[in-house]
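The block underneath contains the structure these notes are about, expressed in structure tokens.
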Amino acid sequence: MALVKIVAAVALASLLLLPNWALAQTCLSDPAPSNEFAQVSNNTAYPICYQEPIDTNKAAYLALQQRHLLETFSKFLTPIHLPHPLMLVALNCERDYGTVSPFYNRDNRSLNFCYEWVDVVRKWAPAQKTSEGVTRANVIAGMWAGTLLHETGHAAFDMLDVPVFGREEDAADQVAAFIALQFSKDVQIAVIKGFAYFWRMAAKTGNDPPTASNPNPPADATARCFADPICAYSDEHGTASQRLYNTLCLAYGADPATFQDFVEKGWLPQSRAPDCGREYRQLALAFSKTILPFIDKEAMAQVRSSRWLLPEELQ
């Protein structure tokens with residue numbers, strides 16, 4: 001991809017005047033060989049930017065570039081007509097914002113994908129194929145896709161003034177799952193399986209609230225809250241296990257035959273499964289009333305027929 005200058009696009013001029021816009025005047029060029037995923041030319045609706053990575057984030061930057069992640073997602077979003085440009089940015093989140101989690105910034109309408117998040121996902125992805133048939137590539141691709149779709153949900157809520165009942169983070173998870181479930185079965189399975197495995201591992205390794213109070217709580221207030229079985233539930237996000245079960249329920253509700261194995265393997269409790277069809281239909285109705293009117297159906301048909309995941313990510 002040629003060097004992208006933020007100031008070159010007229011549609012982005014207003015973004016540069018907004019507060020907290022931490023990008024440099026130019027974004028890095030793409031060092032990786034081009035492929036079919038990267039053929040996004042002058043998409044002023046969804047322009048991209050890779051910030052200069054600090055030394056500890058260089059490997060993550062190269063991984064995103066080699067996968068052409070933002071270029072691919074910019075092309076993927078083409079059917080959605082938002083009233084403002086949505087900048088897709090890869091950046092040093094921990095240094096600049098004190099977080100490793102991707103986020104949507106309402107101040108400058110940017111979707112920020114953290115280099116540090118790449119390392120988090122790689123940490124939880126299995127080194128070898130698991131007994132349940134989950135591969136490392138499944139988890140990495142599924143979580144990257146799920147994360148981008150989740151943050152796009154936040155952007156749509158903001159720009160389209162979508163009314164949301166309950167926690168917005170839960171609603172963004174639902175949008176991410178719903179969109180992923182509109183594609184071919186192999187894509188559905190890869191994304192949902194990767195997303196589910198990540199949150200399942202996160203829940204098993206301590207990212208859910210403890211079941212008993214820690215007798216020696218950390219001095220740091222945030223760490224102390226995470227270690228407390230009550231305070232930990234105060235976060236705007238659901239727990240890792242809640243995000244796992246909610247996503248699997250929507251997938252099973254959309255297509256019980258395709259996702260029956262999640263119930264058989266015990267990932268989705270049989271007590272939750274019977275009502276998942278109603279949960280999916282409720283979500284589909286909400287999507288059709290709020291976001292679907294802003295989607296170009298012809299462009300969406302082309303997107304649905306395109307290949308977005310690599311062969312190894314579908315295995």
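Taken together, the values in this text are just the output of simple stated rules run on the coordinates, not laboratory data. Since this is a predicted model, take the numbers as computed values, not measurements. All Cβ positions, even for glycine, are placed from backbone atoms using ideal geometry, and neighbour counts span all protein chains on display.
Miscellaneous remarks
- The range 128-315: C-alpha pair distances exceeding 28 Å, %: 29 percent
- Net charge dipole, the range 87-162: roughly 340 debye, given to the nearest 20, about the Cα centre with Cβ charges of +1 for Lys and Arg and -1 for Asp and Glu.
- Cα-based convex hull, the range 49-156, per residue volume (Å³, whole number): 109 Å³
- Potential lengthening between Arg106 and Lys204 on full extension [0.36 nm per residue; Cα-Cα distance subtracted]: 32.0 nm
- About the Cα centre, charge dipole magnitude for the range 128-315 (Lys/Arg +1, Asp/Glu -1 at Cβ), debye: 520 debye
- Mean projected area of the convex hull spanned by the Cα atoms of the range 231-315, taken over all viewing directions: 8.2 nm².
- Within a straight-line Cα-Cα reach of under 13 Å, Lys75 can be paired with the following aspartates and glutamates, leaving aside sequence neighbours fewer than 8 residues apart in one chain: Glu36.
- Distance between modelled label sites at Asp220 and Asp261, nm, 7 Å Cα→Cβ extension: 3.9 nm
- For the range 113-234, size of Cβ-based charge dipole, Lys and Arg +1, Asp and Glu -1, in debye: 660 debye
- Most to least packed among 65-74, 279-288 [average Cβ atoms within 10 Å]: 65-74, 279-288
- Taken along the Cα-to-beta-carbon direction at a fixed 7 Å, the label points for Gln242 and Gln315 span 3.7 nm.
- Per-peptide average of other Cβ atoms within 10 Å, ordering 173-179, 184-190 highest first: 173-179, 184-190
- Order by protection proxy (mean Cβ within 10 Å, highest first), peptides 191-203, 231-243: 191-203, 231-243
- Spatially proximal aspartates and glutamates relative to Lys265 (Cα-Cα < 20 Å; intrachain offsets below 8 disregarded): Glu132, Asp186, Asp255, Asp275
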